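So the structure is just underneath, and the comments pick up after that.
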Amino acid sequence: MSSHPQTTPDRIIGVNQATTETTTRLKNRRHVGRDHSPDEFKEGSSKPERLPDGRVRLPGFLRLDQAEPWIGSLWKGQSQTVGGHVVEVLSYFPAAGEKVDIEGVEIEIERVENRVIASLLAKPTGAQQEEHRG
């Protein structure tokens, strides 16, 4: 006699429903971090922002090509976002407040949420900084 419960149509339906619910949750998780509401970022901005001290606040999900005019350098790598690029270059996940230099751009990790760099502060390269002062 088998110790396994007999498979019945309602057990199969229950498994299919649980699988569908799990799949839906996983699909939704994949999209977390893509849709950002403005209140997720410091001072209510999900867009790059120039600060009075000359640095710029960049959302971690900003694409590398979109960051170039703000930081004066086009970063290249496997990652598509500034937050991902920072992790890629460092080869580890930095903590909030950590300061690093990446390709001549001074970076401070401003905010981390759920192992994602939510925002960072960047000091643009010299030429880019001068351009915005005048």
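For the reader, a short list of remarks on this structure follows.
- Hits in segment 46-92 - residues which are among the aromatic types (F, W, Y) and touching a strand residue (DSSP E or B) at 6+ places or on another chain (Cβ under 8 Å): F61, W70, W75
- Residue check, A96 assigned to a strand (DSSP E or B), surrounded by 11 or more Cβ atoms within 10 Å (Cβ to Cβ), out of contact with any Leu (no Cβ under 9 Å at 6 or more places or on another chain) and at pLDDT 95 or above: no
For every residue, the table says whether it meets (1) assigned to a helix (DSSP H, G or I); (2) of a type in the set (A, V, I, L, M, F, W, C); (3) at pLDDT 90 or above.
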residue	(1), (2), (3)
P5	no, no, no
A18	yes, yes, no
E21	yes, no, no
G33	no, no, no
E43	yes, no, no
P52	no, no, yes
V87	yes, yes, yes
E106	no, no, yes
E110	no, no, yes
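- Filter result for G83 (outside any strand (DSSP E or B) and at pLDDT 95 or above): yes
- Those residues of segment 112-134 which are crowded, with 17+ Cβ neighbours inside 10 Å and either closer than 13 Å to H85 by Cβ or modelled with pLDDT of 90 or more (or both), in sequence order: V112, I117, A118, S119, L120, L121, A122, K123
- R57 vs. criteria at pLDDT below 95 and among the basic types (K, R): no
The values are calculated or read from the model by the stated rules, or taken from the named source; none is laboratory data. Nothing here was measured: the structure is a model prediction, and the numbers come from that model. Cβ sites come from the backbone with ideal geometry, for glycine too, and all protein chains shown count toward neighbours.
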